[in-house]
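Scroll down for the structure; my scribbles are underneath it.
Values in this text are rule-based calculations from the coordinates and carry no lab data. Here the structure is a predicted model, which means the values were calculated and not measured. We place every Cβ from the backbone using ideal geometry, glycine too, and count neighbours over all the protein chains shown.
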């Protein structure tokens, strides 16, 4: 996670600040805002701030803690025992939950991992390319196409899923991961394209101009300047694609029919059939298991979130 | 509008219409004719929990070893997603060959020609089933599905709660709805002590309860020719009963009732010992016995006049096996359904998971395998058998959501947002509209 | 990979940008075509077709099982007389107008608080994001009932100070509010985007401002807000589009019914019930296109208004 890997751009790239005066940045300058001197009053303020943040944090995660605690309770006690007190930890929910469905839970984790990985790569490649065009290139029908892109995400999935299913079933893709992955390689997630457009537009254009004067073409500017500078946007895209695909239920339910290709969200719902009884302890246990990869992905991914212009050493 | 059609949009429209054509195209895709080795692959879909999934898979395995020429691709699901998926697949001509069906949906699909007429399939022997069982699968002259077993609606009396309340369990051969309200109020008053809260009775938002109520009044939810068979008054009086339960403190206040209606079985008031009386299908006895940790007595539903003969009860098919009318392997599908409903080997695995089969051969075969809960449910079914009236009509197309419509009006009543009179009329209007809307 | 190879070949045409300035308009048509190729393929192959089909179906009585019949504008006239349609529109508009500003405001405030080099930043960021990780998991519905049920945590706390709380989720007058709260609770996503946006603001701007002796408020108004405005704009546009299509939260909390008494019957939830529950996909498609027009209008207004407050460094 060193900042050394980030590209350095020659100093003749001069972003024009809204405020005209410019101070040269010295090596080792701390993050913005942190460099102001601390006084005792500020320290008290900081304690207060942490106190507020911590109590807010507890409220935020109370329901999650309840879920984790419930996963260690016998199924019958889940709705009877109040609060977070756990007298004894029952691990058997994890054992039964893991093997409760047609395949061991690892199958579903692996299937989800494949879908998620495909979706992430697809979104990163296709959305960043489209975003570069919309943000930096000058072409016929740009506004019209951008509007069209936004319109495609304004129609609720429930009315397009049937025609889309027909399309994919004609190609023979039903019950495979293709309907879940291939569209991502075709920049159908306008959310991320738009997100990247906004980030690219925040990158000073002087950087492109400088590279262009050095003889770089669009592919090179895109790969060498824009992509590295939009690391936070790429990290955001990665994290969100991971989480949203990991928990997306409807399309995975519709397209995956055999238990051996089920993904985590489809498998998790298999625990809860409205018409029969449910092993809640096992369901909570597997919910916790399925949250772990997302949480780890988030922990890793968030380090990249902070690698913006502010920390890459570019003025 | 059409005059300014550009070449590009015309092209797109063409692509669009081509796909629409596919909506209606018959049998153009979905599982080719035969596998390379001459065998046939059948897709079989059902909903259920892990217990049912494992049992069904076991039956499938047994069937496959007996029929090496038929391979079965299992497609298990759960209730909530099952119908979305089936609708999508049906729209794309991609429905599974063998489909587990429900009473609420059998006419939605069968009435629109999506299900195979099983009476025309020579591989399926239906001789073991009586006329009423078969009638439950018939709609517009076709056998759309074969019932896997039956349930009846019963009042579940939680013995522990009654004991705690010091209230005797009433005589269900002659109790009326007034008795029901009085008993529930007594349970609520008696069992609420110390830290425990007891509400007496649960509500029933179920459209089958409404149907029983209507049958007691000589009305019907639906007629045999697919119309509503009730008056606004009939529904109003049912809704007034719900309000009376709440007002006489024989059932929970509105907010709690609403939560109860949305809760999973294990979270309901009945399952958490917060009510003494509740209405359930007989096949829900096992989960409730487990959740409450109490003995549960099955009682007849009260009647208007105190005569058990007039209590309007009926056997409901717990679910059906149907086949897709667009299946390319109808013979094999019928063979598999025959195995599911007639094979004693299959029955010994499934036992009562899909209801009590009405086939005498199967009843004999599973007798030694019945659990205590099974026996008490079966006992109830046999006790009420002489009292049953005509089986109710199959709900016509358009009505699969009627139970949620009823729940909405009941909520309105309990929260005082509407009167039973107004809600009864509105309910009838809405259901009539649903049926009319479903007609082409 | 082949796309990358194509990119390489573009280098030449992109190289002589100096003369490009003369012919101002559309100088990058070819490059744009290559960069947009995946999107164009996706649009033509898998997006436009289904959209147009749904448009066609909105003029039919399509029930998913039988062939659709053309019925003209009947679905739309029925919609105008459908009280439940208007109710769902009202519920959704309330959700958009109340929920979106609350969520975005909170997300921005927390992002700002976290951005100022606070100790334990990764910890807080994770904790505040955790609820969003749950997404639409089945567990959420149960968790939310544990919090806001008649005997849930919130009412237990209220009981300590002698207040009897309502059944937040089950009472028609508070149910929508509790869904909005659930929405606000998952403010993690816009927060992350704000945080990423804040990191994109060059540090030297703040340093320069500090040298000039600018105060906190001035720095926020003169630097943070303008430079973050594209990201605020993005969140606003996308959250509004998303909120109009809000489905999952109400679906899982109400068990798919939109209850109690239709008080959480969101537009898309009603659309879904008509389409899949009542086999009225024609009507559902018509609803979807009405929604598209409404959302499109909101978005267009947003874009128009953005000219006055969004700052691009172009």
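Laid out as a table, the results:
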| item | result |
| --- | --- |
| Packing rank of B:146-156, A:240-250, B:48-58, where each peptide gets the mean count of other beta carbons within 10 Å, highest leading | B:146-156, A:240-250, B:48-58 |
| Length-normalised contact order of segment A:104-312 in % [C-alpha pairs under 8 Å, at least 6 apart] | 33 |
| Rounded FRET efficiency, nearest 0.05, which uses the C-beta distance separating residue C:221 from residue A:176 and R0 of 45 Å | 0.30 |
| Degrees, to the nearest 10: B:402-414 long Cα axis against longest axis of chain B | 30 |
| Chain lengthening between residue B:305 and residue B:379 when straightened (0.36 nm per residue, less Cα-Cα) | 24.2 nm |
| Kirkwood hydrodynamic radius over Cα pairs of segment C:79-309, then Stokes diffusion coefficient at 4 °C and 1.567 mPa s, in µm²/s | 66 |
| Inter-chain shielding of B:54-61 (mean C-beta neighbours from other protein chains, 10 Å cut-off) | 1 |
| Order of C:51, A:149, A:230, C:160 - criterion: other Cβ atoms within 10 Å of each residue's Cβ, fewest first | C:160, A:149, C:51, A:230 |
| Kirkwood hydrodynamic radius over Cα pairs of segment C:100-195, then Stokes diffusion coefficient at 10 °C and 1.306 mPa s, in µm²/s | 108 |
| FRET efficiency, residue B:297 to residue B:223 (Cβ-Cβ, R0 45 Å, nearest 0.05) | 0.85 |
| Cα-based helix-to-principal-axis angle, B:232-247 vs chain B, degrees rounded to 10 | 50 |
| Neighbouring partner chain Cβ atoms per residue of C:162-169, average, 10 Å criterion | 2 |
| Relative pair counts by distance (%), Cα atoms of the protein assembly as shown, 10 Å bins | 2, 10, 18, 22, 20, 14, 8, 4, 2, 0 |
| Exposure proxy order (Cβ contacts within 10 Å, fewest to most) of C:216, B:326 | C:216, B:326 |
| Segment A:167-315: C-alpha gyration tensor shape, a/c 1.5 cut-off, then a/b vs b/c | oblate |
| Sequence-separation-based contact order of chain B, relative, with Cα cut under 8 Å and 6+ spacing, percent | 25 |
| Value of [θ]222 nm, deg cm²/dmol, for chain B, DSSP H segments ≥ 4, -39500 (n - 2.57) each, nearest 500 | -14000 deg cm²/dmol |
| For a label point 7 Å along the Cα-to-beta-carbon line of residue C:76, residues of segment C:268-307 with backbone N under 14 Å | C:283, C:285-294 |
| Crossing angle, helix B:177-191 versus chain B [Cα axis fit, 0-90 degrees, rounded to tens] | 70 |
| Chain B: most fluctuating residue of B:263, B:114, B:407 per GNM, C-alpha cutoff 10 Å | B:263 |
| Shielding by partners - mean other protein chain Cβ count within 10 Å, residues of B:92-102 | 2 |
| Histogram of C-alpha separations across segment B:48-179, 5 Å bin width, % | 2, 7, 13, 15, 16, 15, 9, 7, 7, 6, 3, 1, 0 |
| Whole-number D in µm² s⁻¹ for segment B:242-396, Kirkwood Cα-pair radius fed into Stokes-Einstein, 10 °C, 1.306 mPa s | 86 |
| Residue order, fewest to most beta carbons within 10 Å, for C:253, A:272 | A:272, C:253 |
| Residue B:361-residue C:119 FRET efficiency (beta carbon distance; Förster radius 56 Å; 0.05 resolution) | 0.15 |
| Distance (nanometres) between label positions extended 7 Å along Cα→Cβ at residue B:35 and residue A:148 | 4.5 |
| Alpha carbon centroid spacing (whole Å) that separates segment B:96-161 from segment C:179-244 | 59 |
| GNM top mover of C:109, C:243, C:32 - chain C, alpha-carbon springs below 10 Å | C:32 |
| Highest to lowest packing among B:162-174, C:292-304, scored as the average C-beta count within 10 Å | B:162-174, C:292-304 |
| Relative contact order %, chain C, counting alpha carbon pairs below 8 Å whose residues are six or more apart | 26 |
| Under 16 Å from the residue A:62 label point (7 Å along Cα→beta-carbon), backbone N, segment A:82-124 | A:82-85 |
| Pair residue B:421, residue B:196: separation of 7 Å Cα→Cβ label points (nm) | 4.2 |
| Dimensions (Å) - chain B, Cα atoms, principal axes, largest first | 72, 66, 40 |
